[in-house]
Amino acid sequence: METVKVSASKEYTVHIGSGILESIGEKIKEIKRLCRVVLISDDTVFSLYGEKVKKSLTDSGYSVCEFVFPHGEDAKSLENFGKIMEFCAENSITRTDLFVALGGGVTGDLTGFAAASYLRGVDFVQIPTTVLAMVDSSVGGKTAVNLNAGKNLCGAFYQPIAVYADCETLNTLPEETFNEGCAEIIKYGMILDGEFLTFLQNNDIRENIEYVIKRCVEIKRDVVNHDEFEKGERKLLNFGHTIGHAIEKCSNLTISHGNAVAIGMVIATKGAYEVGMSDEDFSDTLIPILQKNKLPITCEYSAEELFRASLSDKKRSLDTMSLIVPEEYGLCKIMKLPVEDLQNFIEKGMN
Ligand code: NAD
Ligand code: GLY
């Protein structure tokens with residue numbers, strides 16, 4: 001088993017290995033005394049792993065109640081957030097109890113926000129079951145639900161007390177969902193680690209999954225340790241996300257986060273070169289790696305549609321937008337662009 005220690009406002013360990021779920025109760029007992037556990041999962045993941053996790057927790061002495069919701073991005077809603085609050089109150093969950101998120105990024109984001117809010121904060125553990133959740137969303141404490149105006153607009157920074165990534169769960173992941181997570185993996189190589197980017201050019205992600213997850217978590221850990229609340233450096237992790245979120249919004253969330261980020265990275269990379277924010281066109285590096293991992297590089301929306309959809313982005317101030325663009329091979333920088341220039345930037349990035 002590999003471990004990575006995060007030292008943000010809370011210190012916690014990310015455990016990466018195979019077969020962790022069988023003994024998850026005993027593992028959690030190392031860091032949390034016996035209490036009531038609210039196990040939160042979507043219907044797909046719960047039907048695959050819910051009973052196993054429940055049994056292990058119960059065998060270890062925890063008392064478990066479960067909140068299961070229909071899978072999909074739509075579930076990251078104020079409605080489900082409210083249902084979890086009421087469910088916990090009805091079940092007399094107290095501040096010393098524990099929330100456990102079992103699932104992908106949707107489950108982790110929703111559970112984390114619920115944990116941050118219920119009784120002003122209860123401990124929570126992340127058990128990510130998608131590639132995306134293992135390499136990105138379960139680590140670093142960003143939690144949120146979506147609003148009609150855009151993604152993740154209502155949330156909190158709230159760190160888990162531990163993360164347990166059991167790579168065996170990835171065996172049941174549909175191939176497309178596995179690939180979507182690869183977009184965030186490639187993102188890490190592009191923004192902060194040229195050596196890792198070269199590794200991704202020359203190696204297969206699935207064949208090296210434990211190493212790849214560990215490396216991504218280490219990169220994210222370093223960023224979060226320096227800038228947990230995204231005053232500066234953490235913005236780098238949003239490479240491809242401003243335009244990616246706009247793509248998700250234009251598609252009414254039918255284009256997945258990972259696919260949208262893949263396209264967003266291409267547009268940001270090409271756009272930056274075309275408008276002179278980058279000296280080299282790094283899309284020549286990026287596109288083959290995305291294609292090798294069966295990720296899309298274009299979408300059907302116009303630059304104007306994407307521009308309008310991106311106006312609610314959190315990285316926007318009144319008249320400027322923070323954009324992450326490549327500076328060198330394996331290194332990105334944060335640039336400010338006047339909002340009125342964003343449409344032209346997107347248009348150039350799509351040609
Ligand atoms: P997801 O949670 O919806 O999971 C994708 C699908 O895979 C779901 O249908 C789920 O039921 C299924 N699934 C999950 N694990 C499975 C398994 N092991 N076997 C079979 N099926 C499984 O989506 P995701 O791609 O994991 O996460 C996307 C979300 O993460 C988005 O809402 C995005 O905004 C968020 N996100 C958050 C952060 C953060 O820092 N908090 C970072 C990146 C993305
Ligand atoms: N996924 C972006 C971040 O955690 O900051």
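FYI, it's all coordinate maths here, none of it is from the lab. Every value quoted in this text rests on a predicted model; they were computed, and no experiment measured them. FYI the Cβ positions are ideal-geometry reconstructions off the backbone, even for glycines, and counts take in every protein chain you see.
Tabulated data
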item	result
Dipole moment magnitude, nearest 20 debye, segment 178-246 about Cα centre, only Lys, Arg, Asp, Glu C-beta charged	140
Label-point gap, in nm, between GLN291 and CYS154 - each point 7 angstrom along Cα→Cβ	4.3
Sum of side-chain charges, SER251 neighbourhood, beta-carbon under 13 Å (Lys, Arg +1; Asp, Glu -1)	-3
Residues ILE127, ILE219, ILE297, ILE28 arranged by fewest to most Cβ contacts within 10 Å	ILE297, ILE219, ILE28, ILE127
Computed over the chain: relative contact order in percent, which uses C-alpha pairs under 8 Å that are six or more apart	15
Value at 222 nm in deg cm²/dmol, rounded to 500, when DSSP H runs of n ≥ 4 in the chain each add -39,500 (n - 2.57)	-12500 deg cm²/dmol
The chain - share of DSSP beta bridges that are antiparallel (%, nearest 5)	45
Rg(Cα)/(2.2 N^0.38 Å) for the chain, N = residue count	0.96
Dipole magnitude of segment 158-199, debye to nearest 20 (Cβ charges: Lys/Arg +1, Asp/Glu -1, about Cα centre)	160
Three principal axis lengths of segment 204-286 [C-alpha, angstrom, descending]	33, 30, 28
Two-site label geometry, SER251 and GLU210: point separation in nm, points 7 Å out along Cα→Cβ	3.3
Cα centroid separation - segment 40-117 against segment 161-185, whole Å	19
ASP43/GLU340 FRET efficiency (R0 41 Å; Cβ-Cβ; nearest 0.05)	0.40
Candidates SER47, SER117, SER137: whichever shows maximal mean-square fluctuation once the chain is modelled as a Gaussian network with Cα springs under 10 Å	SER47
Net charge over other residues, Cβ less than 14 angstrom from the Cβ of TYR211 (K, R count +1; D, E count -1)	-4
Alpha-carbon Rg/Rh ratio, for segment 60-139, with Rh computed the Kirkwood way	0.95
Reference-scaled alpha-carbon Rg (2.2 N^0.38 Å with N residues) for segment 2-79	1.23
Stretchable slack from ARG33 to LYS10, in nm (0.36 nm times residue separation minus alpha-carbon distance)	6.5 nm
Rg to Rh, two decimals, where segment 192-351 supplies the alpha carbon set and Rh follows Kirkwood	0.95
Distance between segment 270-328 and segment 194-245 - C-alpha centres, whole angstrom	17
Relative counts (whole %) of C-alpha pair distances in segment 286-345, using bins that are 10 Å wide	19, 38, 38, 5
Extension gain (nm, one decimal) between ASN91 and ASP284, 0.36 nm per residue minus Cα-Cα	64.0 nm
Given charges at beta-carbon only (K, R positive; D, E negative), |dipole| of segment 21-95 in Debye	460
